[in-house]
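Notes follow the structure.
The values are calculated or read from the model by the stated rules, or taken from the named source; none is laboratory data. As the structure is a computational prediction, the values presented were derived from the model and not from experiment. Every residue, glycine as well, gets a Cβ built from its backbone with ideal geometry; the counts of neighbours run over all protein chains shown. Each accessible area value is taken on the protein alone, full model and side chains, heavy atoms only, with ligands, DNA and RNA left out. Shrake-Rupley method; radii C 1.70, N 1.55, O 1.52, S 1.80 Å.
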Amino acid sequence: MIRHHPDDALLLAHSAGTLGAGHRLLLEVHLEACAHCRGRMQQLDAVGGALLDALPPSQLPADALERTLAALDAPQLQGTAPQGAKPPLPTAWPRALARCDVSRWRWMGPGMYWNRVTVPDEPQANVFMLRIGAGRMLPRHTHSHSELTQVLWGAFDDGRAEFAAGDFDETDGTIRHQPVVGAVGECICLASVEGKVLFEGWLARTMGSLIGM
């Protein structure tokens, strides 16, 4: 059972198309797994459509049709969809990641690995996966802006709550936490960071800068 969901502000931003590519990807991965949030998105989309219908009509520029036809005829960029296989997961890969390039798992500490997820339409988006072994923990940290996390496998507890497979978490500079994986098994998460993860301790900060967090 999914217990932690994105709030309506994030869902509205996704519906309006105002999220960055990394955060948008995290929402899409969550929506795949969460029927509750898919239903909520449909409601918000309907409200947004009704508000648009209520707006007075606007005059289009004289060349609007010409520019639209030219855009349709222009060659379409294909992005950087991966050609090879993605690194293995103990669960099915989310469909939203199909066009993303995902690097191999890289060691970041005892029992801890990470990889880089490249989003085709915004390669500079800071998206990555973490694979943390049973009983391991990330260093305590906060954030300069915002971080979205989607749990793909296993579970962690950061002192606020337990987040298990399918759960979604949003943190920012008001949250100071230390995710700890339980003793039962490893935890795999997908994360999108806008700004920086601010680790405590010089070793953790050095590790974070090397990874690009």
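In the chain, the portion of solvent-accessible area held by carbon and sulfur atoms comes to 58 percent [1.4 Å probe, whole percent, DNA, RNA and ligands not counted].
For the chain, what is the mean residue ellipticity at 222 nm derived from helices alone (per DSSP H run of n ≥ 4: -39500 (n - 2.57); sum divided by total residues; nearest 500 deg cm²/dmol)?
The helix contribution divided over the chain gives -9000 deg cm²/dmol.
Computed about the Cα centre, the dipole magnitude for the chain is approximately 860 debye when only Lys and Arg (+1) and Asp and Glu (-1) carry charge, each at its Cβ. Note on region 142-156 and region 165-213: Cα centroid distance 6 Å, given to the nearest whole angstrom.
Close amide H contacts of residue 4 (hydrogens built in the peptide plane, cut-off under 5 Å, sequence separation of 5 or more or a different chain): 168. A simple count of charges around residue 172, restricted to other residues whose Cβ falls under 10 Å of its Cβ and scoring Lys, Arg +1 and Asp, Glu -1, yields -3. Heavy atoms of the protein chains alone define the surface here; on that basis the chain has 56 Å² accessible area per residue at 1.4 Å probe size.
When the Gaussian network model of the chain links Cα atoms closer than 10 Å, the mean-square fluctuations of 88, 179, 120 top out at 88.
Take the Cα radius of gyration of region 121-213 and divide it by 2.2 N^0.38 Å, N being the number of residues; the result is 1.02.
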